[in-house]
Amino acid sequence: GEDVEQSLFLSVREGDSSVINCTYTDSSSTYLYWYKQEPGAGLQLLTYIFSNMDMKQDQRLTVLLNKKDKHLSLRIADTQTGDSAIYFCAEVYSGGGADGLTFGKGTHLIIQP
Amino acid sequence: EAQVTQNPRYLITVTGKKLTVTCSQNMNHEYMSWYRQDPGLGLRQIYYSMNVEVTDKGDVPEGYKVSRKEKRNFPLILESPSPNQTSLYFCASSLTGDTFEAFFGQGTRLTVV
């Protein structure tokens, strides 16, 4: 079945860039997503990329997709304390849409002052 | 305001006492699903529903039931809860099954003693 892998923790200094990485196994993924979960809250869609794109930029966020290596990354420029959260990579399988999202285990982004 | 509403937010119960966690969405979404979130395991799908009266098992369905009698509601039923069902539960909805701009509820923290 599909599998999505992320490292569990990332620590960065305030003002630096954060890069959160994700690898996935399903080569037929049509959409890849980044969700953000703040403490005590549900998940919120942060950004997404179609599988026919290599890069997507949205203000401080840059998503890079390397389809050959099945690698997805999320770069947050000028990381702020409000960016402290768990970030989930997710993919959706294109085979009929029945299975829904497959999530990674989430990366805890820790901001050092 | 577009939202997914879960109730209750917190619940402590005893082993074997049937309980229901409600989920309601106001976006006329076809697809709804339930996840549980556990430390180190990320989000795992319990059940999903592609439309009214259509439900199917996710990755970890044992010990759970669902129903989808109306489009907006997708309750999660634990007929005989056990301590290993202590977890954080999320309901999610999206327009269709294969374009997953999913909206998540705020979560239900369940403790079974």
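The values are calculated or read from the model by the stated rules, or taken from the named source; none is laboratory data. Bear in mind that the values here come from a model prediction, so they are computed numbers and not experimental data. In this analysis, Cβ positions are derived from the backbone assuming ideal geometry, glycine residues included, and neighbour counts consider all displayed protein chains. Accessible surface areas use protein heavy atoms only, side chains included; no ligands, DNA or RNA. Shrake-Rupley method; radii C 1.70, N 1.55, O 1.52, S 1.80 Å.
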With all protein chains present, the protein assembly as shown has a carbon and sulfur share of its accessible area (1.4 Å probe) in percent of 49
With +1 at each Lys and Arg Cβ and -1 at each Asp and Glu Cβ, the charge dipole magnitude of chain A around its Cα centre, to the nearest 20 debye, comes out at 140
Given pairs A:Lys67/B:Lys71; A:Lys67/B:Lys65; A:Lys36/B:Lys17; B:Lys18/B:Lys69; A:Lys105/B:Lys18; B:Lys18/B:Lys57 and cut-off 27 Å on Cα-Cα distance, the over-length ones are A:Lys67/B:Lys71; A:Lys67/B:Lys65; A:Lys36/B:Lys17; A:Lys105/B:Lys18
So for chain A, using the alpha carbon gyration tensor with a ≥ b ≥ c as root eigenvalues (a/c under 1.5 gives rounded; past that, a/b versus b/c decides prolate or oblate), I'd call it prolate
Given a 1.4 Å probe, the accessible area of chain A per residue, as a whole number of Å², is 48
Along the dipole axis of chain B (charges at Cβ: +1 for Lys and Arg, -1 for Asp and Glu; origin at the Cα centre), the most positive-end residue among B:Gln85, B:Val113, B:Thr5 is B:Val113
In cubic angstrom per residue, the convex hull of the protein assembly as shown built on its Cα atoms measures 119
Here the relative contact order (percent) of chain A, from C-alpha pairs under 8 Å and at least 6 apart, is 38
Relative contact order in percent for chain B (Cα pairs under 8 Å, 6+ apart) equals 36
Of all DSSP beta bridges having both residues in the protein assembly as shown, the percent classed as antiparallel (nearest 5) is 90
The stretch B:69-113 accessible area per residue, 1.4 Å probe, protein heavy atoms, integer Å², reads 41
The stretch B:14-60: relative contact order from alpha carbon pairs under 8 Å, six or more residues apart, as a whole percent, is 27
